[in-house]
Every structure is written in C-alpha cells, then in structure tokens.
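The values are calculated or read from the model by the stated rules, or taken from the named source; none is laboratory data. Just so we're clear, the structure is a prediction, and the values are computed from it rather than from any experiment. Because the Cβ atoms are built from the backbone with ideal geometry, glycine has one as well, and the counts that use them run over all protein chains shown. The area values use the complete protein model at the heavy-atom level, side chains included, leaving out ligands, DNA and RNA. Shrake-Rupley method; radii C 1.70, N 1.55, O 1.52, S 1.80 Å.
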Amino acid sequence: MTRVLHISDVHVEEGFSEVPWTRFLDKRGVGLANLLLRRRRHYADAPRVLAAMAEWALGAKVDVLLLTGDLSALGTRPELRAARRALTPLLETVPEVVILPGNHDVYLARDGAFEASFGDLLRTDLPELAVDGVWPQVRLFGEDLAVVAIESARPNPQIRRSSGRTPQRQLEALAAIFAHPALRGRLTLVATHYALRRPDGSPDSRHHGLENAEELLQACADLERGAFLHGHIHRRFFLQGPPLPLPLFGAGSSTHRGHEGGWVFDLADARAEVRELSCDAGAFSLSEVRATIP
Ligand SMILES: [Fe+2]
Ligand SMILES: [Fe+2]
C-alpha cells in the first residue's frame, strides 16, 4: 500500500521581524495589517500543528507528503525559511515529498525566495517532458502512483487580487505526460495550488481563481484514472461525478485553528481510498472512507 498525505495552505506566519520595514510599503503593508489584525489568531499555532501532524504521520506510515502551496503569508525570504523550519518535522518523517508554491509564496515577485527555501525538494522523474524548469514535476512512486505537479501561482501586486494561471506551455505538456508509458496503469494525482471548482461546484471568481481552470480541467479529462488535488480555498472538500471528468480534492487550510488536517489517499490494488485527516483536542485521526477512486 502507498499512503499519501495531502495538506495545503499551512500559512506559517513567522519571520517578519527579519524583514526590513521598507518591504512593507506596498501590498505587503496591507497584507501585514490584515495578518496582524485578523489572521494571526488562526495561524499562531501552525508550527505546533505541523509538529503534531509529523508525529501522527510517523505512526500512520505516510509514504508521500503533497503540499499544494501557501506555505507563508507574504512570501518574504525570512518567512519561507520559517516555513521550512516548521515543516522540517514532517519532511524528516515522510520519505517522499512533492511541493509547489501558492500565490502567497510568490506574493509580489517571483524573486527566487520560494526556491531558496524549498528548491532542493523540486524535482521531476521525467525531465525530458519538463517545459518551465522542473515544471510540470512528474514523480513516480512504487508501481501504482504518479504525481503531476503544475506551477500556476503568480505574483499579484494588485490589492484584492489573488488569481493564477496555468502557463500555456505546462498545459500543453500534459497530453504527452499523461500518455507517457511510465504513467500507464498508475493512478495519477494532478496537483496545483488553485481550485478548479468551488465547494458548491461553481467556478471560482476572476479575482481569486485560476483563469484557465476550464482548460486545465479539460486537459485532465484524458486521464484514465486519477484525481485533481489543490489548496487556495480555505475549506476542505471534494467533488466527484458528472459533469466533472475526474474527482477534485481541496485540502483546505491544514493549520487553520479548528480546521486542522487534510486528505489521506491509500493506494492498493490500483484503487485509492480517501479519508479525511482531522484534529480533535490536539490529536490527529482519520475518518472512515469518504471517497474511492476506482
Ligand atoms: Fe491560502
Ligand atoms: Fe492561495
């Protein structure tokens, strides 16, 4: 059996004291004010939650950790270093990791801050099909599982905009990736930061969602067996069945106080059972099976 833990939007909000004040004379100033006034109480325990999750993952024998972005709040280097420190217990516990940035990790600029803290974890097993550096990442685990990670986040200097876009080259690369013999017979989890649908099944908004969500959904329709995994919407949910060509799983915000957790995929005999990981009084546990991917 292969066990995958999917978490997202851990938003480790530390390290600001190391950021020069001049870096807050833009949208970051608004973001910092929002964070101090509203968000801080939700994420103050994020490092402790991640450490407790690592303890659970050790006992639960998680094989692959999938992180779908928004590791920080304002994407500065000190914050991303703090996020790496907070994630270290999980990274040391789970043997394999697939990671991608969210809009908060490239908040105002694609300046290499994400790669400086997490670049050693970015890799692909099919480099000949990568079109934007390492992207899309293709990772093959055991005999049954493939993970395809797409980088769709982008800086959004405009206040109140947090949308993204799958670069055309990555979108076009998917057909060859899904048809590659190395993926044949494997359950394929496609991951990016943005949701393809909201919890009620409707498209996300122009200012918040993935601009070409429909094109990405259609590109994934060729997948024989798989699911689409994402973050960005801070609510854990899944959608399955027509008219969707494949099931969608949103991990929510895995460290948000009162909503800690994610999704756990257990692959055996070429099918997956999906359970919700949640936290009660500081202890993580799994739900009964919430969905299956045949
Ligand atoms: Fe987020
Ligand atoms: Fe996000």
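Worth a mention:
- Test: residue in the range 15-38 that is within 16 Å of ligand 1 (Cβ to nearest atom), under 17 Å from the mean Cα position of the chain (by Cα), over 30 Å from Ala283 (Cβ atoms) and buried (at least 18 other Cβ atoms within 10 Å of the Cβ): no
- Only a single item in (1) within 27 Å of Gly119 (Cβ to Cβ); (2) among the charged types (D, E, K, R); (3) touching a residue at least 24 places away in the same chain (Cβ under 8 Å); (4) not in a loop (DSSP other than H, G, I, E, B) is not met by Arg48, and it is number (3).
- Of all residues in the range 180-198, those that are of a type in the set (Lys, Arg) have Cβ atoms under 7 Å from Cβ atoms of residues that are part of a loop (DSSP other than H, G, I, E, B) and open to solvent by 30 Å² or more (accessible area, probe 1.4 Å), 6 or more apart or on another chain, in Arg186/Asp144; Arg197/Pro203; Arg198/Asp204.
This table checks each residue for (1) part of a loop (DSSP other than H, G, I, E, B); (2) closer than 16 Å to Pro245 by Cα; (3) not acidic (Asp, Glu).
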position	(1), (2), (3)
Gly201	yes, yes, yes
Gln218	no, yes, yes
Asp222	yes, yes, no
Ala227	no, yes, yes
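Every residue, every condition in (1) within 16 Å of ligand 2 (Cβ to nearest atom); (2) free of Cβ contacts under 8 Å to residues at least 12 places away in the same chain; (3) closer than 18 Å to Ala251 by Cα, yes or no:
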residue	(1), (2), (3)
Leu36	no, yes, no
Asp63	no, no, yes
Leu71	yes, no, yes
Gly75	yes, no, no
Glu79	yes, no, no
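- Residues of the range 44-81 satisfying the condition of being among the acidic types (Asp, Glu) and surrounded by 23 or more Cβ atoms within 10 Å (Cβ to Cβ): Asp70, Glu79
- Of everything in the range 229-249 that is open to solvent by 60 Å² or more (accessible area, probe 1.4 Å) and part of a loop (DSSP other than H, G, I, E, B), the residue that is nearest to ligand 2 (Cβ to nearest atom) is His234.
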